[in-house]
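One structure is given below, encoded as structure tokens.
The values are calculated or read from the model by the stated rules, or taken from the named source; none is laboratory data. What you are looking at is a predicted structure, and each value in this text was computed from that prediction instead of being measured. All Cβ positions, glycine included, derive from the backbone under ideal geometry; neighbour counts span all protein chains shown. The accessibility values were calculated without ligands, DNA or RNA, using every heavy atom of the protein model including side chains. Shrake-Rupley method; radii C 1.70, N 1.55, O 1.52, S 1.80 Å.
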Amino acid sequence: MSTIIIEQAEFTALRDLIAQRFGIYYDDSKQFLLQSRLQTRLLKCRVNTFVEYHRYLQLSADREAEWSELASVLSNNETYFFREKAQLEVLVGEVSDEAVKMGGRLRVWSAACSTGEEPFTIAMMLRESGKLRPGSISIRAGDLSPKALGKCAEGFYRELSFRATPPEVISKYFRPFEGGFFISDEIKKMVEFFRINLLDAKAVEGVGIHDAIFCRNVLIYFDKPTQKRVVEAFAKALRPGGYLFLGHAESIMRLTDLYQPVVTQKAVFYRKKQDAAN
Ligand SMILES: C[S@@+](CC[C@H](N)C(=O)[O-])C[C@H]1O[C@@H](n2cnc3c(N)ncnc32)[C@H](O)[C@@H]1O
């Protein structure tokens with residue numbers, strides 16, 4: 001099977017179309033990455049060139065199904081349990097303490113959860129802390145990629161996902177099975193998964209109001225105007241004073257004034273300003 005080559009103009013047209021739809025931006029250095037990621041899609045759609053594929057995504061009767069397939073092919077799903085733990089400690093620390101004072105209910109949203117390690121870590125840590133009754137904790141988790149969400153539903157993980165997981169957590173909350181582990185039902189049922197495109201402001205607003213949003217290691221794939229659009233939409237899904245956690249390579253310091261940055265010795269996060277418009 002020979003490689004279908006993407007020409008410069010085709011690359012630019014296709015990457016702009018993709019960025020418009022999903023936010024994921026392939027800069028010029030990623031031309032060949034996009035070419036290789038899309039090879040099987042061209043075959044599946046029975047088109048011979050990237051020009052035809054571009055047209056297929058815009059005009060075919062099956063274009064929505066193809067966009068959905070594309071969502072799984074384009075994204076980087078790298079994640080693992082207990083990633084950037086210092087921020088998770090803020091959640092079981094001051095965010096939970098505040099929730100107790102405000103009536104004992106905690107609503108958390110893992111906004112781009114990939115294969116589920118982030119929301120399941122949140123569930124395990126909140127369960128371990130015992131500050132809030134399990135029935136008062138709501139953990140919602142969304143992602144663009146149907147394939148990643150399929151893995152969340154399966155709840156089966158291999159070695160790489162456990163690179164930062166303490167052994168006692170594995171024995172307590174996982175069941176070994178053929179070279180990997182299933183997450184326990186007790187943790188699995190604490191998380192509600194759903195598909196979402198973070199560029200869809202209406203869908204983001206429809207997720208409801210939360211005390212904390214985790215959107216880590218996602219904005220790096222977006223250009224600045226898209227980052228701004230997404231974090232401003234998050235403000236509608238956060239209570240005043242609500243917490244926004246981003247990845248450590250991501251910053252919104254100069255993008256928007258809806259949030260107050262908080263820098264502690266261990267972690268950086270943002271709080272929605274009390275007077276930010278809802
Ligand atoms: C690198 S993973 C991050 C997973 C997890 N948050 C973490 O920090 O470990 C990035 C995820 O963002 C998702 N993603 C990319 N663009 C998205 C969009 N427009 N809407 C929702 N999810 C998106 C991808 O599908 C992928 O699963």
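Over the residues of the chain, the helix contribution to mean residue ellipticity at 222 nm works out to -12000 deg cm²/dmol, using -39500 (n - 2.57) for each DSSP H run of at least 4. Rolling a 1.4 Å probe across the protein heavy atoms gives the range 8-74 an accessible surface of 52 Å² per residue. Here the Karplus curve 6.51 cos²θ - 1.76 cosθ + 1.60, taken at θ = phi - 60°, turns the phi angles of the range 121-137 into couplings of 5, 4, 4, 5, 5, 5, 5, 4, 5, x, 6, 10, 5, x, x, 9, 9 Hz, with x standing for Gly and Pro. The long axis of helix 31-44 is offset from the longest Cα principal axis of the chain by roughly 80 degrees. Exposure here means at most 13 other Cβ atoms within 10 Å; with trypsin sites (Lys or Arg not before Pro) in a DSSP loop as sites, the longest stretch of the chain lacking them is 47-157.
The alpha-carbon of residue 202 sits under 24 angstrom from the alpha-carbons of these lysines, leaving out residues fewer than 8 places away in its chain: 147, 224, 228, 236, 272, 273.
Using only the alpha-carbon atoms, how far is helix 63-74 inclined from the longest principal axis of the chain? Give it as 0 to 90 degrees, nearest 10. So the helix axis and the longest Cα principal axis differ by about 70 degrees. Check cross-link reach from residue 151 to the lysines: straight Cα distance under 16 Å, and skip same-chain residues fewer than eight apart. Filter leaves 188, 189.
When you filter the GluC sites (Glu not before Pro) in the range 1-68 for DSSP loop state and at most 16 other Cβ atoms inside 10 Å of their Cβ, you are left with 7. In the range 58-215, Rg over Rh equals 0.99, where Rg is the alpha-carbon radius of gyration and Rh the Kirkwood radius from pairwise Cα distances. Estimated at 0.36 nm per residue, the fully extended path between residue 89 and residue 138 surpasses their Cα-Cα distance by 15.9 nm. Rg and Dmax of the chain, both derived from C-alpha coordinates alone, stand at 19.9, 63 Å. Residue by residue, the range 160-174 carries 3J(HN,Hα) couplings of 4, 5, 9, 4, 10, 9, x, x, 5, 5, 4, 5, 7, 10, 10 Hz when phi is fed to the Karplus relation 6.51 cos²θ - 1.76 cosθ + 1.60 (θ = phi - 60°); x denotes Gly or Pro.
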